[in-house]
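Chemist: For reference, the structure I am asking about is given below.
The values are calculated or read from the model by the stated rules, or taken from the named source; none is laboratory data. Fair warning: this is a prediction, and the values are worked out from it, not measured in the lab. Backbone-built Cβ (ideal geometry, glycine too); neighbour counts: all protein chains shown. Heavy atoms of the whole protein, side chains included, go into the accessibility calculation; ligands, DNA and RNA do not. Shrake-Rupley method; radii C 1.70, N 1.55, O 1.52, S 1.80 Å.
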Amino acid sequence: QGVQVIDTAASYGAGSSEALIGQVLSELPDLAPSVKIISKFGYFAEDSGRAVPGSVHVSPGLRHALGPEFHREELRRSLERLGRDRLDVWLVDSPEEAIRSEVQRIFAGGDATPEALDSTRTRLLDTLHETFSVLEGAVAEGLIGSYGVHSPALVLAEEDPLHLRWRDLLAVSGEHLRHLQFPVNVLEPHGVSVAQEAALFGLQVGSTRPLTALLASPVQTWQRIADLAEDGSRPPEGYMQVCQEALDRFRFDLPTDRDPTPDEVELFQACRWIQTLIQDMNQQLVQFGSVAQFEQELKESILPMLNDKFEELDADSAALLQAFFEQFHAMVRYHCAVEMRKRVESEACPSGAHHLGENESLQHRALSWVLEQPGIAT
């Protein structure tokens with residue numbers, strides 16, 4: 001039947017996701033009316049130059065807001081980018097961000113009493129009541145068909161101070177709150193029971209990141225629940241060759257017939273550092289729990305240290321190092337995919353051991369499992 005639903009957000013690519021969707025659908029006039037679009041609002045770029053009352057800092061470069069004026073402006077911009085007069089579903093994205101910093105301050109100050117945390121959650125629900133009232137108005141104006149909430153906080157443990165209870169959302173909403181979105185996948189199956197309960201009250205529940213799990217072992221990191229696109233039974237070719245070429249390239253021996261110059265000593269030390277780095281990375285390859293973990297290590301540690309050691313590299317050396325990092329990245333992807341398949345097939349998998357059929361991909365099994373769960377909208 002082809003694509004029937006497109007899920008996006010005003011913050012994806014600072015609006016470029018919606019703009020691209022709008023452009024593509026404008027070129028398919030016969031198809032566009034039959035495509036349901038779900039979008040979200042809440043996050044926005046910190047460097048956008050927008051002064052949004054009540055917004056909070058989330059992380060470097062990112063802010064979050066829930067206020068009525070912010071919603072109206074975001075909806076106007078989203079409709080304009082999508083080239084539509086009406087949005088099928090408009091979701092409040094991660095409303096718990098409004099109280100995250102306050103909860104952190106409460107714990108830091110040693111005042112994390114049930115009363116203090118309940119008061120914070122009550123203020124959030126009061127804010128959401130105001131937001132939902134505005135969203136009901138948008139439904140009445142014909143700007144949106146219905147609304148809902150997208151949030152991982154809906155499936156947090158009950159004792160978590162950021163946990164959002166879907167029943168509380170219903171209690172402060174109007175009749176057109178009809179959608180919930182939260183993570184459900186084979187490694188994070190807790191949301192299934194939440195979806196089953198919510199579905200009994202007529203809510204449509206969508207699974208977010210069915211192929212991406214947020215796991216805490218050995219460190220909290222994102223992990224893809226998927227095989228490699230290429231033949232996943234064999235490691236990528238070329239890694240050992242480029243590894244040896246890099247070691248050879250950065251081998252520099254000090255002269256033995258004279259005292260080395262200061263520049264030669266500095267070059268020797270830098271080359272030894274790179275050789276040690278390559279050898280250490282080779283030994284640590286299987287210790288990366290995810291591709292995201294390696295990419296973070298590369299960005300925050302390896303590349304800054306490399307820049308400190310070398311003011312400038314010649315083109316051939318830079319190209320060889322780039323090739324090594326690319327091959328290492330491919331090896332990490334391969335190792336993580338192999339380990340993920342083992343994890344999903346094992347008895348320790350939180351949703352039970354999954355026995356994949358012959359030639360069945362991991363991503364096919366993971367998606368099939370999500371779609372089989374009662375309460376999850378298909």
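Chemist: Considering only residues that are farther than 16 Å from residue 104 by Cβ and either open to solvent by less than 30 Å² (accessible area, probe 1.4 Å) or more than 16 Å from the chain's Cα centre (by Cα) (or both), which ones fall in region 53-62?
Modeler: 53, 54, 55, listed by residue number.
Chemist: Here is a follow-up. Is there a residue being small (Gly, Ala, Ser), more than 30 Å from residue 4 (Cα to Cα) and assigned to a helix (DSSP H, G or I) anywhere in region 348-362?
Modeler: Taking every residue of region 348-362 in turn, none turns out to be small (Gly, Ala, Ser), more than 30 Å from residue 4 (Cα to Cα) and assigned to a helix (DSSP H, G or I).
Chemist: In region 146-163, what residues are over 18 Å from the mean Cα position of the chain (by Cα) and at pLDDT below 95? I'd like the intermediate steps shown before the answer.
Modeler: Looking only at region 146-163, we keep the residues that are over 18 Å from the mean Cα position of the chain (by Cα), and these are 146-148, 157-163.
Scanning region 146-163 gives 157, 158, 159, 160, 161, 162, 163.
Chemist: Could you go through region 261-274 and let me know if any residue there is closer than 22 Å to residue 323 by Cβ, open to solvent by 50 Å² or more (accessible area, probe 1.4 Å) and among the hydroxyl-bearing types (Ser, Thr, Tyr).
Modeler: No, region 261-274 contains no residue that is closer than 22 Å to residue 323 by Cβ, open to solvent by 50 Å² or more (accessible area, probe 1.4 Å) and among the hydroxyl-bearing types (Ser, Thr, Tyr).
Chemist: Tell me, which strands (runs of 3 or more DSSP E) wholly within region 19-127 include 3 or more residues that are at negative phi and touching a Gly at 6+ places or on another chain (Cβ under 7 Å)?
Modeler: It comes to 87-93.
Chemist: Could I ask something else about it? When region 262-321 is examined, which residues are found to be farther than 18 Å from residue 247 by Cβ, more than 33 Å from the chain's Cα centre (by Cα) and part of a helix (DSSP H, G or I)?
Modeler: Matches in region 262-321: 262, 263, 264, 265, 266, 315.
Chemist: Let me ask something else. Please determine whether any residue of region 229-247 is among the hydrophobic types (A, V, I, L, M, F, W, C) and in a loop (DSSP other than H, G, I, E, B). Spell out the reasoning first.
Modeler: Residues of region 229-247 among the hydrophobic types (A, V, I, L, M, F, W, C): 229, 240, 242-243, 246-247.
Filter once more, so that each one left must be in a loop (DSSP other than H, G, I, E, B): 229.
For region 229-247, residues among the hydrophobic types (A, V, I, L, M, F, W, C) and in a loop (DSSP other than H, G, I, E, B): present.
Chemist: I've got another one for you. Just one of the numbered conditions (1) at pLDDT below 85; (2) of a type in the set (Gly, Ala, Ser); (3) within 18 Å of residue 348 (Cα to Cα) is not true of residue 213; which one?
Modeler: (1)
To keep it simple, each residue is scored yes or no on (1) closer than 17 Å to residue 210 by Cα; (2) modelled with pLDDT of 90 or more.
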{"residue": "304", "(1), (2)": "no, yes"}
{"residue": "320", "(1), (2)": "no, yes"}
{"residue": "363", "(1), (2)": "yes, yes"}
{"residue": "367", "(1), (2)": "yes, yes"}
{"residue": "377", "(1), (2)": "yes, no"}
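Chemist: Mind counting the residues in region 246-255 that are in contact with a helix residue (DSSP H, G or I) (Cβ under 7 Å, 6 or more places away or on another chain), within 13 Å of residue 317 (Cβ to Cβ) and open to solvent by less than 80 Å² (accessible area, probe 1.4 Å)?
Modeler: 4
Chemist: Just a yes or no: is a residue in region 132-142 touching a residue at least 60 places away in the same chain (Cβ under 8 Å) and either in contact with a Phe, Trp or Tyr (Cβ under 6 Å, 6 or more places away or on another chain) or not small (Gly, Ala, Ser) (or both)?
Modeler: Checked against the condition, which is being touching a residue at least 60 places away in the same chain (Cβ under 8 Å) and either in contact with a Phe, Trp or Tyr (Cβ under 6 Å, 6 or more places away or on another chain) or not small (Gly, Ala, Ser) (or both), region 132-142 yields at least one hit.
Chemist: Let me ask something else about it. With the requirement that a residue be part of a loop (DSSP other than H, G, I, E, B), open to solvent by 50 Å² or more (accessible area, probe 1.4 Å) and not hydrophobic (A, V, I, L, M, F, W, C), what does region 175-208 give you?
Modeler: 175, 190, 202
Residues checked against (1) farther than 28 Å from residue 166 by Cα; (2) touching a Ser or Thr at 6+ places or on another chain (Cβ under 9 Å):
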residue: 36; (1), (2): no, no
residue: 42; (1), (2): no, yes
residue: 50; (1), (2): yes, no
residue: 53; (1), (2): no, no
residue: 56; (1), (2): no, yes
residue: 78; (1), (2): no, yes
residue: 92; (1), (2): no, yes
residue: 95; (1), (2): no, yes
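Chemist: Give region 126-136 a look and list any residue that's open to solvent by less than 30 Å² (accessible area, probe 1.4 Å) and out of contact with any Pro (no Cβ under 9 Å at 6 or more places or on another chain), or say none.
Modeler: Result: 132, 135.
Chemist: I'd like to verify a number: residues in region 144-174 that are charged (D, E, K, R), assigned to a loop (DSSP other than H, G, I, E, B) and in contact with a helix residue (DSSP H, G or I) (Cβ under 9 Å, 6 or more places away or on another chain), how many?
Modeler: Final tally of qualifying residues: 2.
Chemist: Is it true that residue 291 is open to solvent by less than 50 Å² (accessible area, probe 1.4 Å), touching a residue at least 60 places away in the same chain (Cβ under 8 Å) and in contact with a His (Cβ under 6 Å, 6 or more places away or on another chain)?
Modeler: No, not satisfied.
Chemist: Now for a separate question. Report the residue count in region 1-18 for those that are among the hydrophobic types (A, V, I, L, M, F, W, C) and in a helix (DSSP H, G or I).
Modeler: 1
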